[in-house]
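The values are calculated or read from the model by the stated rules, or taken from the named source; none is laboratory data. Only a predicted model underlies this, so the values are computations on that prediction, with no experimental measurement involved. Here the Cβ is made from the backbone with ideal geometry for all residues, glycine too, and neighbour counts use every protein chain on show. The area values use the complete protein model at the heavy-atom level, side chains included, leaving out ligands, DNA and RNA. Shrake-Rupley method; radii C 1.70, N 1.55, O 1.52, S 1.80 Å.
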Amino acid sequence: MDTTTTGSPTTPAEDHRHAPANPKRDPAMPVRLADLEPYVGLGYLSKLFKLMAIILLLLLVSEISTGLVTQGTTSIPTLLGEMSRLVVLAGLLWGSGDLALLLIDMGHDVRATRILLGRQALHQTGSTGITPPSGSPRVEGGSFVERGPR
């Protein structure tokens, strides 16, 4: 076997010379905890609305079967009115659940835009606006967290 090296540094100190202490951390543009909060409440609200829509449709099926079994075909005019009311209400609830999911996606887009605009401003001006002249980072509204892997 050949024991030649593949071009790696000869000492461990040289190996870590160019590697940052923590590759996930970007000290130039930190990400605030407020920028990473999940929209848990809207997710639960969406599931709740969709569950209520499914329950209304199950209620509709049981009401139709009960009406047809107890009164036969004479209950059809009454059942058509109830059916249209329950289907519209279930559709509104399902649509409200989808709107909650849309609000979650919109919130993620707004947060990503806020972070990207901050990084663009950093690259253009060279200043983040978050470090006071004393050199210690200023924390507004929470602590900073490390950025995820690229």
Review point. Taking a label point 7 Å from the Cα of Val69 along the Cα→Cβ vector, which residues of region 82-104 have an amide N closer than 19 Å to it?
Key: 83
**Study point:** Accessible surface of region 67-114, 1.4 Å probe, proportion on carbon and sulfur as whole %
**Key:** 72
Check your understanding: How long is the gain from Ser96 to Val40 if the chain were fully straight, where each residue apart is worth 0.36 nm and the alpha carbon distance is subtracted?
Key -> 18.6 nm
Exercise for review: Could you work out how far apart the two model spin labels at Leu89 and His108 are, taking each label as a point 7 Å from the Cα in the direction of the beta carbon, and quote it in nm?
Suggested key: 3.3
